[in-house]
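Read through the structure below, which is laid out as structure tokens, and then see the notes.
The values are calculated or read from the model by the stated rules, or taken from the named source; none is laboratory data. What you see is a predicted model, and the numbers here were worked out from it, not measured in a lab. Quick reminder, even Gly has a Cβ in these numbers, built from the backbone with ideal geometry, and neighbours come from all protein chains shown.
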Protein chains: 2
Amino acid sequence: MTRQQLFEQIKAKESFLCVGLDTDLKKIPKHLLSEPDPIFEFNKQIIDATHQYAVAYKPNTAFYEAQGAKGWESLQKTLEYIPGDIFTIADAKRADIGNTSSMYARAFFENMDFDSVTVAPYMGSDSVKPFLEFDQKWVILLAATSNPGGQDFQELILAESGNKLYETVIQTSTEWGTADNMMYVVGATRPEALNDIRKLVPEHFLLIPGVGAQGGNLQDVCRYGMNKQCGLLVNSSRGIIYSDTTENFAKAAGDAAQKIQMEMAEILQRL
Amino acid sequence: MTRQQLFEQIKAKESFLCVGLDTDLKKIPKHLLSEPDPIFEFNKQIIDATHQYAVAYKPNTAFYEAQGAKGWESLQKTLEYIPGDIFTIADAKRADIGNTSSMYARAFFENMDFDSVTVAPYMGSDSVKPFLEFDQKWVILLAATSNPGGQDFQELILAESGNKLYETVIQTSTEWGTADNMMYVVGATRPEALNDIRKLVPEHFLLIPGVGAQGGNLQDVCRYGMNKQCGLLVNSSRGIIYSDTTENFAKAAGDAAQKIQMEMAEILQRL
């Protein structure tokens, strides 16, 4: 998917919501456990109920891998079920030495057909570049993450530049890709960082997790992070998919997604 | 597996060799492609031919994921085939926010029964600690990796401490685990770094990739990195498993492994 296509979808749906499919057998409604593939059944109903409000879906691979090969099948079926015009993110946080990152890229872009994959920066250029060799596919690079441990290393100040590590990660990586094939993960729990990040990458899309269960605020995120083409995908996982754990879960998820979408529609009118 | 058990195995086999199972359908002998599970068949014959010379096996998950659910099954079968006294490493380079890292830990330590998993440090404490909650299981944290891009961020000097980033990663992480449940990845292509790293973590085991195809030298690695309990697992992947690509591949892999083991036996006598 191109950046323009993503922006067109955002305008059409008046939404920049990404729904995180962190599907945990221990958290889904009990009545689904008798299905042949409970994880897929859950995702299917969530997608049916939320797709009109969402421009992206982001399954986190950890939740599928925890079920072994069967989980991997659930992931594949889920991906195939997502409507083709919606942006898909394999939240996998992969990266390895060059020839190995190429295998990961093949896993997510060829064996499966995700539009994007989240990538960890610690191993540097040759661990990221193989993901950038696919047409209309995206790297979403971890920059400033939403978790408490995100501050352990990402916020460290570097001697030569006086920058924080995550700023240097962003700056360096702009030499590897462009606003048309790279995005950055910036946690909603650090809205003040968005201001500085926008100076480094005014055009790039940012993937913002941490709204909802992790405590981030949508208005703050938009104030500091939005650009003229929206430039934001704001993710909510638990806040949507686990709104209700009875047989009413899908309806409740749809309502939760719609509520965020309506707030987003208002914000988008200011563009 | 405990540290003591690992050391006993090293002494018994006179080896600290780890064989990397980076099994690529495009590189294995053609005659295996007609097998129902060519990846597993290749691994099985490699394990049969090398297990007496190796104390650890390290399948890199990228090569299995590239085959989707079927690859995940090959990985599981491979793990089950490895003799129980040999240390197993899921070279997965995972890490995510706390509750998600817990799912990865379940994937590799419960759904599968690996002894250890490689973990990326960028997301900090809560992304690493969930892997440390399993008895006799190990985190092998990326510190100074062997690839060219390893220098992009890992070698940056930090303002406050004057340390390199990877040194701070090691130092900080010693507060999360101990020499009995953490190891570090240090590339063989940077033997000079081993000297400094040994000052920070004299007791910990280090996993050293990069000997062989990537150009690292075993003697240099041991000179700078060995401690009184050996403290090293030296990995070779392509240099062993792709020594020969005919029907003779397993025999050739065994010979390549034995050659390294014999060099290691000599080095161990100096302990």
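If you go through region A:191-235 and keep only what is in contact with a helix residue (DSSP H, G or I) (Cβ under 9 Å, 6 or more places away or on another chain) and either at positive phi or within 14 Å of chain B (Cβ to nearest Cβ) (or both), you end up with A:Ile208, A:Gly210, A:Val211, A:Gly212, A:Ala213, A:Gln214, A:Gly216, A:Cys230, A:Gly231.
Could you list, in sequence order, all residues of region A:212-235 that are among the hydrophobic types (A, V, I, L, M, F, W, C) and out of contact with any Gly (no Cβ under 7 Å at 6 or more places or on another chain)?
First, the residues of region A:212-235 that are among the hydrophobic types (A, V, I, L, M, F, W, C): A:213, A:218, A:221-222, A:226, A:230, A:232-234.
Result: A:Leu218, A:Val221, A:Cys222, A:Met226, A:Cys230, A:Leu233, A:Val234.
Checking each residue in region A:48-59 for being of a type outside the set (D, E, K, R) and outside any helix (DSSP H, G or I) picks out A:His51, A:Gln52, A:Tyr53, A:Ala54, A:Val55, A:Ala56, A:Tyr57, A:Pro59.
Results for (1) among the acidic types (Asp, Glu); (2) touching a Gly at 6+ places or on another chain (Cβ under 7 Å); (3) more than 17 Å from B:Val221 (Cβ to Cβ); (4) surrounded by fewer than 23 Cβ atoms within 10 Å (Cβ to Cβ), shown as yes or no for each residue.
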position	(1), (2), (3), (4)
B:Glu133	yes, no, yes, yes
B:Gln136	no, no, yes, yes
B:Thr145	no, yes, no, no
B:Gln151	no, yes, yes, yes
B:Thr172	no, no, yes, yes
B:Glu175	yes, no, yes, yes
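Apart from one condition, B:Gln45 fits all of (1) under 19 Å from the mean Cα position of the chain (by Cα); (2) part of a helix (DSSP H, G or I); (3) within 25 Å of A:Met103 (Cα to Cα); the exception is (1).
Taking region B:155-165 as the range and being more than 9 Å from chain A (Cβ to nearest Cβ) and of a type in the set (Asp, Glu) as the test, only B:Glu155 passes.
In this structure, B:Val186 qualifies as buried (at least 24 other Cβ atoms within 10 Å of the Cβ) and modelled with pLDDT of 95 or more.
B:Ala69 meets the conditions (1) under 26 Å from A:Leu141 (Cα atoms); (2) part of a helix (DSSP H, G or I); (3) more than 8 Å from chain A (Cβ to nearest Cβ); (4) touching a Phe, Trp or Tyr at 6+ places or on another chain (Cβ under 7 Å) in every case but one. The failed one is (3).
Identify, from the list B:Ala66, B:Ala56, the residue that is under 17 Å from A:Trp72 (Cβ atoms) and modelled with pLDDT of 95 or more.
Step by step, each of B:Ala66, B:Ala56 is checked, and only B:Ala66 is under 17 Å from A:Trp72 (Cβ atoms) and modelled with pLDDT of 95 or more.
I'm checking my understanding of the structure. Among residues of region A:166-177 that are of a type in the set (A, V, I, L, M, F, W, C) and more than 7 Å from chain B (Cβ to nearest Cβ), which one is nearest to the chain's Cα centre (by Cα)? Result: A:Ile170. Residues considered: B:Gly187, B:Gly150. Of these, the only one that is within 18 Å of B:Cys18 (Cα to Cα) and not aromatic (Phe, Trp, Tyr) is B:Gly187.
Does A:Asp96 satisfy the condition of being part of a loop (DSSP other than H, G, I, E, B) and under 21 Å from B:Ser237 (Cβ atoms)? Spelling it out, A:Asp96 is indeed part of a loop (DSSP other than H, G, I, E, B) and under 21 Å from B:Ser237 (Cβ atoms). Among the criteria (1) touching a Gly at 6+ places or on another chain (Cβ under 9 Å); (2) assigned to a loop (DSSP other than H, G, I, E, B), the one A:Tyr64 does not fulfil is (2). All conditions in (1) more than 21 Å from A:Asp22 (Cα to Cα); (2) more than 7 Å from every other protein chain (Cβ to nearest Cβ) hold for A:Gly98, with the sole exception of (2). In the set (1) in contact (Cβ under 8 Å) with a residue 60 or more places away in the chain; (2) at the interface with chain B (Cβ under 8 Å from one of its Cβ atoms); (3) of a type outside the set (Phe, Trp, Tyr); (4) under 30 Å from B:Gln151 (Cβ atoms), the condition left unmet by A:Ile89 is number (2). For residues that are small (Gly, Ala, Ser) and in contact (Cβ under 8 Å) with a residue 60 or more places away in the chain, scanning just region A:47-86, find the one that is surrounded by the fewest Cβ atoms within 10 Å (Cβ to Cβ). That would be A:Ala49.
Provide a single number: the residues in region B:203-255 that are β-branched (Val, Ile, Thr), within 18 Å of B:Ile39 (Cα to Cα) and either touching a Cys at 6+ places or on another chain (Cβ under 6 Å) or buried (at least 17 other Cβ atoms within 10 Å of the Cβ) (or both).
Final tally of qualifying residues: 2.
Applying the condition of being in a loop (DSSP other than H, G, I, E, B) and of a type in the set (Ser, Thr, Tyr) to region A:101-154 and asking which residue is farthest from the other protein chains (Cβ to nearest Cβ) yields A:Ser146.
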